[in-house]
1. Return the only residue of 184, 177, 172, 231 being acidic (Asp, Glu) and either in contact with a Ser or Thr (Cβ under 6 Å, 6 or more places away or on another chain) or under 18 Å from residue 88 (Cα atoms) (or both).
2. In region 1-44, how many are among the hydroxyl-bearing types (Ser, Thr, Tyr) and within 20 Å of residue 77 (Cα to Cα)?
3. Of the residues that sit in region 184-233 and are among the small types (Gly, Ala, Ser) and outside any helix (DSSP H, G or I), which one is farthest from residue 155 (Cα to Cα)?
4. How many residues, within region 164-181, are crowded, with 16+ Cβ neighbours inside 10 Å, without any contact (Cβ under 8 Å) to a residue 60 or more places away in the chain and part of a helix (DSSP H, G or I)?
5. Are any residues in region 190-220 exposed (fewer than 13 other Cβ atoms within 10 Å of the Cβ) and farther than 20 Å from residue 242 by Cβ, and if so, which ones?
6. Here is a list of conditions, (1) among the polar types (S, T, N, Q); (2) modelled with pLDDT under 95; (3) part of a helix (DSSP H, G or I), and residue 158 meets all of them except one; can you say which number that is?
7. Conditions first: (1) touching a helix residue (DSSP H, G or I) at 6+ places or on another chain (Cβ under 8 Å); (2) touching a residue at least 24 places away in the same chain (Cβ under 8 Å). Residue 209 passes all but one, so which condition is the exception?
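The values are calculated or read from the model by the stated rules, or taken from the named source; none is laboratory data. All values reported here derive from a predicted model rather than from experimental measurement. A quick note on method: Cβ atoms are made from the backbone with ideal geometry, for glycine too, and the neighbour counts reach across all protein chains shown.
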Amino acid sequence: MLRKVALVTGAGSGIGEACALALARAGWSVALAGRRVERLAPVAQAITELGVQALAVPADVGDPAQVETLFAEVGKTFGRLDLLFNNAGTGAPPVPMEELSYEAWKRVVDVNLTGAFLCAQGAIRLMKAQDPRGGRIINNGSISAHAPRPNSAPYTATKHAITGLTRSIALDGRRHDIACGQIDIGNAETPLTARMSQGVPQASGEMAVEPVMDVAHVADAVVYMADLPLDANVPFMTVMATKMPYIGRG
């Protein structure tokens, strides 16, 4: 029996790394994409040591040519694609909106939104053509797909847009046996959330330490969504630290 094949973007660290390793432990072959090959290499090595095939492809998901090369490599190496985890993302400096440069805005849109769109296109093309056809796309939304943090307009705008992209892929993918869902993550403990323990700005203007959760819970949730048969789907799932300030007034 052939292993299912997953592609994880932003796989060199944090949530992407945790999910790639969890998918490998669940028996998936895993393609890894990220801008820095030196970060992808140890993840690929760890997957190989689990007895699973890994492919590391350096790629900037905001660049159409690099995305085209990425999917060509996945198709050449594995012959099919069963899962795309659209995880790559970036943020902008937390400054007032009127002070944010166009370049900073554009970089966030290019990676978070355009990158997710380009990768979805590549995945859909493979999934439509393969036999058996179909597959699944999981988009990394964020709590910011629902509510902003102070001075986060580019990140929040793109994550709200990811929700629309998820709905469109889910609708348009039906006739091709392509399912699409979104996981919205709140305060998973990674190097990017280390600042939570020092205090982060709140809507009130105050600084407050925020609870975090083990990133393994996110990885487990992604594996659950990924392992569903294609006649079942989780359109939206939120996984968050229970006591983080999100529900109600914080």
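1. Values: 177 fails: either in contact with a Ser or Thr (Cβ under 6 Å, 6 or more places away or on another chain) or under 18 Å from residue 88 (Cα atoms) (or both); 172 fails: either in contact with a Ser or Thr (Cβ under 6 Å, 6 or more places away or on another chain) or under 18 Å from residue 88 (Cα atoms) (or both); 231 fails: either in contact with a Ser or Thr (Cβ under 6 Å, 6 or more places away or on another chain) or under 18 Å from residue 88 (Cα atoms) (or both).
Checking each option against the conditions leaves just 184.
2. The initial filter retains those residues of region 1-44 that are among the hydroxyl-bearing types (Ser, Thr, Tyr), namely 9, 13, 29.
Within this subset, residues satisfying the condition of being within 20 Å of residue 77 (Cα to Cα) are 9, 29.
Of the residues in that region, 2 qualify.
3. Taking region 184-233 and keeping what is among the small types (Gly, Ala, Ser), we get 186, 188, 194, 197, 199, 203-205, 208, 216, 219, 221, 226, 232.
Going one step further and asking which of them are outside any helix (DSSP H, G or I), we end up with 186, 188, 199, 203-205, 208, 232.
Numbers: 186: 14, 188: 17, 199: 19, 203: 16, 204: 20, 205: 19, 208: 21, 232: 30 Å.
Within region 184-233, the match that is farthest from residue 155 (Cα to Cα) is 232.
4. Count: 3.
5. Answer for region 190-220, where residues must be exposed (fewer than 13 other Cβ atoms within 10 Å of the Cβ) and farther than 20 Å from residue 242 by Cβ: 191, 198, 204, 205, 206, 207.
6. For residue 158, the failing item is (2).
7. Every listed condition holds for residue 209 apart from (2).
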